[in-house]
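Asks: Quick one: structure below, then a few questions.
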Amino acid sequence: MTATTKRLQSILAHAGVASRRHAAEFIANGRVKVDGRSVTEKGLRIDPAKHEILVDGRALPKEEKKYYFLFNKPGNVISTVRDTHGRKKVTDYFKEINARLYPVGRLDKDTTGALIMTNDGKLAHRLAHPGFEIEKEYRVTVSRCVSRDDIRKIGKGIEVEGKITAPCEIKLVKKDLKAAVYRVKLHEGRKRQVRRMFEAAGAVVTGLKRSRYAGLTLRGLKQGEFRPLTEKEVARLRG
């Protein structure tokens, strides 16, 4: 079994041919063909993007092939598919992919790091929905070391634009006379949230990188590079 295969009766139900129960009856009665061959096997799994399916001699339209990529977004690149101002977009890095990809878990223009690009709307909705509490990890560089008291406040929840943020994990990675670097893990995804949490504590963020998203790390990826997700990774993201 792979992440792209589905039960034949589920494919028929999704296409609006019949309910799953009735679709199973269609299969058992020999009314369904796959690549010209009648199938009666219960629980058969196929990739609907790769096979022709006929029901009573009529073809089901093939599903659009789904793509899943992990992208290491550079700075000064916007997380959008269109822009009227001529700015560099994340989609500019995927011109050789013949699909309409869009970013999941957007990053602001100056933030670098892990970003999923896909054309799977269902998965994109799941990952973006706050109810699923997808974990995100950031490496935050600030202009000065934040006091322990302020670190505790950020970790427990700090007021940002009139609303208290959810608790997060925050740890000092290194510091010197000019800057400090923190690792932050959180499950919320408000606009510019990490920057605003530190600003609320009186610190200026000079560098922000998302190092991990939904368990996916940037290992082996330079800025501007991307890789396809494995079937196992896609299955895990789907839950």
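Bear in mind that the values in this text are calculations on the coordinates, not laboratory data. Computed from a predicted model, the values in this text were never measured in an experiment. Here the Cβ positions follow ideal geometry from the backbone for every residue, glycine too, while neighbour counts run over all protein chains shown.
Asks: Which shape class, rounded, prolate or oblate, goes with the stretch 96-147 when its Cα gyration tensor gives a ≥ b ≥ c as root eigenvalues, a/c under 1.5 marks rounded, and past that a/b bigger than b/c marks prolate?
Replies: It comes out oblate by the Cα gyration axes.
Asks: Starting from the amide H of residue 207, placed 1.01 Å from N in the peptide plane, find each other amide H under 5 Å away whose residue is 5 or more places distant or on another chain.
Replies: Here 141 satisfy the definition.
Asks: Go through the stretch 130-144 residue by residue and turn each phi into a ³J(HN,Hα) via Karplus (6.51, -1.76, 1.60, θ = phi - 60°); whole Hz please, and just put x for glycine and proline.
Replies: Karplus values, whole Hz, x for Gly and Pro: x, x, 8, 6, 5, 7, 10, 10, 10, 10, 10, 9, 10, 6, 7.
Asks: Here's a follow-up. Please report the net charge: other residues with Cβ closer than 11 Å to the Cβ of residue 234, K and R +1, D and E -1.
Replies: +1
Asks: Only one of the values (i) 45, 19, 14; (ii) 28, 19, 18; (iii) 30, 20, 14 was calculated from this structure for semi-axes √(5λ) of the Cα gyration tensor in Å; name its label.
Replies: So the structure-derived entry is (i).
Asks: Under a GNM of the chain (C-alpha, springs under 10 Å), which listed residue has the highest mean-square fluctuation: 26, 71, 198?
Replies: Largest GNM mean-square fluctuation: 26.
Asks: Karplus couplings for the stretch 190-196 from phi (6.51 cos²θ - 1.76 cosθ + 1.60, θ = phi - 60°), rounded to Hz, Gly and Pro as x?
Replies: 6, 4, 6, 4, 4, 4, 6
Asks: Treat every Asp and Glu Cβ in the chain as -1 and every Lys and Arg Cβ as +1, leave all other atoms uncharged, and give the resulting dipole magnitude about the Cα centre to the nearest 20 debye.
Replies: 480
Asks: May I pose another question? If you plug each phi of the stretch 16-32 into the Karplus form 6.51 cos²θ - 1.76 cosθ + 1.60 with θ = phi - 60°, what whole-Hz ³J(HN,Hα) values come out, in order, with x for Gly and Pro?
Replies: Taking θ as phi minus 60°, the curve returns x, 5, 5, 5, 4, 5, 6, 4, 5, 5, 4, 5, 4, 8, x, 8, 10 Hz for the stretch 16-32.
Asks: Taking trypsin sites (Lys or Arg not before Pro) as exposed when DSSP calls them loop (any state but H, G, I, E, B) and at most 10 other Cβ atoms lie within 10 Å, what is the longest stretch of the chain free of them, the sites themselves excluded?
Replies: It runs 96-177.
Asks: State, to one decimal in nm, how far the label point of residue 125 lies from the label point of residue 171, with both points 7 Å from Cα in the Cβ direction.
Replies: Between residue 125 and residue 171, the label points sit 3.7 nm apart.
Asks: Would you grab the residues whose amide H sits under 5 Å from the one on residue 78? Only those 5+ places off in sequence or on another chain, please, with H modelled 1.01 Å from N.
Replies: Here the answer is 88, 89, 90, since their amide H atoms fall under 5 Å of that of residue 78.
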